[in-house]
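The values are calculated or read from the model by the stated rules, or taken from the named source; none is laboratory data. Nothing here was measured: the structure is a model prediction, and the numbers come from that model. Neighbour counts run over all protein chains shown; Cβ positions are idealised from the backbone, glycine included. Note: accessible area is taken over every heavy atom of the protein model, side chains too, but ligands, DNA and RNA are not part of it. Shrake-Rupley method; radii C 1.70, N 1.55, O 1.52, S 1.80 Å.
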Amino acid sequence: LQANVHLAGATAEMVDIRAITQRDFHLVSTLALLAILLLIIALLRDLTLSVFMIAATVLSYFTTLGLTYWVFHFLGHETLEWKVQVFLFIVLIAVGQDYNIFFAVRFAQESATGGAGKPAVAESARRTLIHTGPVISSCGLIMAATLGSVMASDVTLLVQLGLAFALGMLID
């Protein structure tokens, strides 16, 4: 039987801050996802697509978080800094939805100019990829390089965040 008792000092304070931040993170992330979902539904007027877009971005977030944990665990760290999941969520959800909305709006525009039926949907998707693919890919690479540059730091939190941001941008 082992017990850890933190009564005062920096350790006890950090334990309290981490607990409060984790509680707040769950509340804020839920509210942020709900607000983004409502905005996307209002913009696209398609519930299924809107939910899919949110789910894809959340999956990207969890994939990035898991890969980042695995890399640092392999490098000898027991865990990630607790702040990584909060900052990673904020950045990936915001940027991921920007890219998704850009693609979805362009797809809606391409679909409106095409005919009905499955071939028209495939052609609209092809034209959308041709027009948005290079822009979205370039933005993602620039974001990955820029955010990943903080890995040059000697601070563990920044190194972990840099890798997580870069991976997240590339995955998304």
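More than 18 Å from MET53 (Cα to Cα), modelled with pLDDT of 85 or more and aliphatic (A, V, I, L, M): does that describe VAL95?
Working: more than 18 Å from MET53 (Cα to Cα): no; modelled with pLDDT of 85 or more: yes; aliphatic (A, V, I, L, M): yes.
The answer is no for VAL95.
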Requested in this report: Quick one: count up the residues across segment 133-172 that are open to solvent by 70 Å² or more (accessible area, probe 1.4 Å) and outside any helix (DSSP H, G or I).
Outcome: 2
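Can you confirm whether segment 113-120 contains a residue that is more than 20 Å from THR146 (Cβ to Cβ), assigned to a loop (DSSP other than H, G, I, E, B), among the small types (Gly, Ala, Ser) and open to solvent by 70 Å² or more (accessible area, probe 1.4 Å)? Give the steps one after another, and end with the answer.
First, the residues of segment 113-120 that are more than 20 Å from THR146 (Cβ to Cβ): 113-120.
After this cut, where a residue has to be assigned to a loop (DSSP other than H, G, I, E, B) as well, the list is 114-117.
With the extra rule that they be among the small types (Gly, Ala, Ser), the set shrinks to 114-117.
Of the ones still in play, those that are also open to solvent by 70 Å² or more (accessible area, probe 1.4 Å) are 116.
The answer is yes, given that some residue of segment 113-120 is more than 20 Å from THR146 (Cβ to Cβ), assigned to a loop (DSSP other than H, G, I, E, B), among the small types (Gly, Ala, Ser) and open to solvent by 70 Å² or more (accessible area, probe 1.4 Å).
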Query raised in the report: If PRO134 satisfies every condition in (1) touching a residue at least 12 places away in the same chain (Cβ under 8 Å); (2) farther than 26 Å from LEU31 by Cα but one, which is the exception?
Result: (1)
Requested in this report: Return yes or no: is ARG127 surrounded by 15 or more Cβ atoms within 10 Å (Cβ to Cβ), more than 15 Å from the chain's Cα centre (by Cα), within 27 Å of LEU33 (Cα to Cα) and of a type in the set (Lys, Arg)?
Outcome: no
Report task. Filter segment 66-90 down to residues that are among the β-branched types (Val, Ile, Thr) and surrounded by 20 or more Cβ atoms within 10 Å (Cβ to Cβ), then give me how many there are. Result -> 2
Query - Among (1) touching a Gly at 6+ places or on another chain (Cβ under 8 Å); (2) of a type in the set (A, V, I, L, M); (3) in contact (Cβ under 8 Å) with a residue 60 or more places away in the chain, the one test that ALA104 misses - result: (1)
**Report entry** Which listed residue is within 12 Å of the chain's Cα centre (by Cα) and open to solvent by 60 Å² or more (accessible area, probe 1.4 Å), from ASP98, ASP24, ASP16
**Finding:** ASP98
